[in-house]
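Student: Structure in structure tokens, see below.
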Amino acid sequence: MPSSDCYPIDVVPGLSRLFLDFRAGEPRVRPFYASLPRETGWQKRCPLPGHWNEIVAVLAGQNASIEAAPALEALRAGAGMILTGQQVGLLGGPLYTPFKAATAVARARQATAAGQPHAAIFWLATEDHDFAEINHVTFPSRKELKKLVYAKPPANPVRVGDVVLDETIEPMMEQAWELLGTSAAMDALAAAYRPGRTFGEACGDFYRKAFAAQGLLVLDAAGREVHRLGEPVLRAAIERADELHAALLERNKELEAAGYHVQVAVTPQSSLLFLIDERSGARMALKRTAPSAAEPNGIWQAGREKFTTADLVGILAAEPERISPGALLRPVFQDYLFGTSLIVGGPAEIAYFAQSAVLYERILGRTTAAEPRLSATLIEPAIGEMLRKHELGLDRVFKESADSLAQLLAARAMPVDGKRKLAAAGTALDAELNPLLEYMKAMDAGLGRSADTAASKMRYQMNRLRRLAANFEMQREGSSRRHAEAIERALNPGGALQERVHGAAYYFARYGFELAEMLTSLAEDPCPGHKAVWL
């Protein structure tokens, strides 16, 4: 196991206040969640759904490897389920994808060790239709980040999992071989991402291989059989649409009154469902107009086509796979299918789970517990040496751009004599200014304000002298710039988290499928924040 440091979660930029408070276990978020992180009440298995044998059979059909057999056998014996998932991605998608899988495996292990057998399942979000979100992957490559793009979008906004790879995947795979080199992970990618395979099939095969040793089960739930089993949830979203819409609006008011931002907007005509067009296969949002004098029973619309509630119930009965849950309904749909004990999600998913909770209560009569996935930055040896040399921590790296980091490193590399002179000048300036400012403020309030303005300009010029000296040092010693750019690309690319930009396959290629076990062990550790992992 590599060593790791645990940083407070608020060092990560861009997280919502709701997620930060949930992560910290703040009591004021409890009304919106079934449990808070690290509570263990969820480990007691929910009652088995009546369709349990059928859903386990579906899982067995999609997970036929020897490694999956123990988990399937545990489920047949009534084990509980830890569930996570992610959109299917090009060449394995972003790094946080295996972070989710590893956290689900870790929680299943912890519950099993406590005497409550559980298995972990990875839900492939093949029904999403935003192709631009999943058609690319970025790999580190010496002095740059190399972005690979599958540039053959479908003619219509169909489910991304159904998009079939054509021959243009082959030159992209050649690029991947050049970037990642020969490895078991690259062999698995080449076997999965071939012409004629769908994005869903390819991504599922890769993660079944990557987490085979951990017994992770992978499910593509877009088919008719799974939707037939989950029909009661979809039917409730159709027949009780107005009731559920009102409940969401009320929950949004409660969240805003508590000082939180609403993660998923609920508009007057929004619904919880999508409809797959029978001709084009396009996934279209179903909009709902509430009952009125003109439409006493309300009306539904997808694109230009209108439907009654009876129309949609008929489609659900005949072709259930054409009715697709949206983001707020999906966890309810999942948990009805599996009687899930715990859902593992990212920051945005945890935030919108506070909204989904009212749907759980009304449709399932219970709310499933949720926990955040592993949040981490992987630090490779060469980058680790730079951090140690410059005495940098992740908290500082996250605050800097490549330019500001280069200036910081140059300032630290300045000769000691220069640092002393600048420090002495700054100290002397403050020592002279502070008593003068106090004197002028005592003479007259307006004079004091003018003095503060003048003093701030003097301090600005003092800081400008520091920057001039640092810039000169940076130009004279180019390593500061090179190191800053390398650190930024590796740990904070473009001001975004590494886990959101770097492709997971890069790390599997570099460190083997053993990385899956390493991430699982990291997820078992009780760090409540963000991990810096020294590879």
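The values are calculated or read from the model by the stated rules, or taken from the named source; none is laboratory data. Please read all numbers here as calculations on a predicted model, not as lab measurements. With ideal geometry, Cβ positions are generated from the backbone for all residues, glycine too; neighbour counts draw on all protein chains shown. In case anyone asks, the SASA skips ligands and DNA or RNA and just uses the protein heavy atoms, side chains included. Shrake-Rupley method; radii C 1.70, N 1.55, O 1.52, S 1.80 Å.
Student: Give me, ordered by chain and number, the residues 5 or more places off GLY529 or on other chains with an amide H under 5 Å from its own placed amide H.
Tutor: none
Student: Still on this structure, I have one more. At a probe size of 1.4 Å, how large is the accessible area of TRP177, to the nearest 10 Å²?
Tutor: Its heavy atoms expose roughly 80 Å² to the probe.
Student: Considering only protein heavy atoms and a 1.4 Å probe, what is the carbon-and-sulfur percentage of the accessible area of the chain?
Tutor: 53 percent
Student: Answer rounded, prolate or oblate for the chain, using the Cα gyration tensor with square roots of eigenvalues a ≥ b ≥ c: rounded when a/c is under 1.5, else prolate when a/b is larger than b/c, else oblate.
Tutor: Here the chain falls in the prolate category.
Student: Right, here's the next one. Return the lysines within reach of LYS531: Cα separation strictly under 17 angstrom, same-chain partners fewer than 8 residues apart disregarded; answer none if there are no such residues.
Tutor: Of all the lysines, those that pass the test against LYS531 - Cα under 17 Å, at least 8 places apart if same chain - are LYS100, LYS399.
Student: Tell me, which cysteines of the chain are without a disulfide-compatible partner by the Cβ under 4.7 Å rule?
Tutor: When partners are defined as cysteine Cβ atoms under 4.7 Å apart, the chain leaves CYS46, CYS203 without one.
Student: Rounded to the nearest 0.05, what FRET efficiency do MET1 and ALA285 give with R0 = 41 Å and r taken as the Cβ-Cβ distance? Could you check?
Tutor: That gives a FRET efficiency of 0.35.
Student: Report the extension gain between ALA310 and ARG449 in nm, rounded to one decimal, defined as 0.36 nm multiplied by the number of residues separating them, less their alpha carbon distance.
Tutor: 42.9 nm
Student: Taking 7 Å along the Cα-to-C-beta vector as the label spot, tell me the GLU54-ALA257 distance in nanometres, rounded to one decimal.
Tutor: Going from the GLU54 label point to the ALA257 one covers 4.1 nm.
Student: Is the range 268-406 rounded, prolate or oblate when judged by the Cα gyration tensor, a ≥ b ≥ c being the square roots of its eigenvalues, rounded requiring a/c under 1.5 and prolate requiring a/b larger than b/c?
Tutor: It is prolate, given that a/c is not under 1.5 and a/b is the larger ratio.
Student: Rolling a 1.4 angstrom probe over the protein heavy atoms, how many square angstrom per residue are accessible across the chain?
Tutor: Solvent-accessible surface per residue comes out at 44 Å².
Student: Moving to a separate point now. Among the lysines, select those whose C-alpha is under 27 Å from the C-alpha of LYS152, and discard any that sit fewer than 8 residues away in the same chain.
Tutor: Within the straight-line cut-off, LYS152 pairs with LYS209.
Student: Extending each Cα 7 Å along its Cβ direction at TYR439 and SER456, get the distance between those two points in nm, one decimal.
Tutor: About 2.3 nm, to one decimal.
Student: Could you give the nm distance between label points at SER292 and ARG500, where each point is 7 Å from its Cα heading toward the beta carbon?
Tutor: 3.9 nm
Student: Amide H to amide H, which residues 5 or more places from SER141 or on other chains are under 5 Å from it, using H placed in the peptide plane?
Tutor: Long-range HN contacts for SER141: LYS146.
Student: How much length is gained if the chain between ARG240 and ASP166 is pulled fully straight, taking 0.36 nm per residue apart and subtracting their Cα-Cα distance, in nm to one decimal?
Tutor: Stretched out fully, the ARG240 to ASP166 stretch lengthens by 22.4 nm.
Student: Moving on. Placing unit charges on C-beta atoms (Lys and Arg positive, Asp and Glu negative, everything else neutral), compute the dipole magnitude of the range 1-79 about its Cα centre in debye, rounded to 20.
Tutor: Here the size comes out at about 300 debye.
Student: What do you reckon, how do ARG251, ARG459 stack up by accessible area (1.4 Å probe), largest on top?
Tutor: ARG459, ARG251
Student: Please list, in order, the residues from the range 69-107 whose amide nitrogen is less than 15 Å from a point placed 7 Å along the Cα→Cβ vector of ALA113.
Tutor: Within reach of a label on ALA113, which here means backbone N under 15 Å from a point 7 Å along Cα→Cβ, the range 69-107 contributes 103-107.
Student: Scan the range 212-321 for GluC sites (Glu not before Pro) in coil per DSSP, keeping those whose Cβ has at most 11 other Cβ atoms within 10 Å, and list them by number.
Tutor: Passing sites in the range 212-321 are GLU278.
Student: Across the range 125-225, how large is the tail of the calculated P(r) beyond 15 Å, expressed as a percent of all Cα pairs?
Tutor: The proportion of pairs with Cα distances above 15 Å equals 66 percent.
Student: Per residue of the range 197-205, what does 6.51 cos²θ - 1.76 cosθ + 1.60 with θ = phi - 60° give for ³J(HN,Hα)? Whole Hz please, x for Gly and Pro, Karplus curve as stated.
Tutor: Going residue by residue, I get 8, 8, 4, x, 4, 5, 5, x, 4 Hz, with x marking Gly and Pro.
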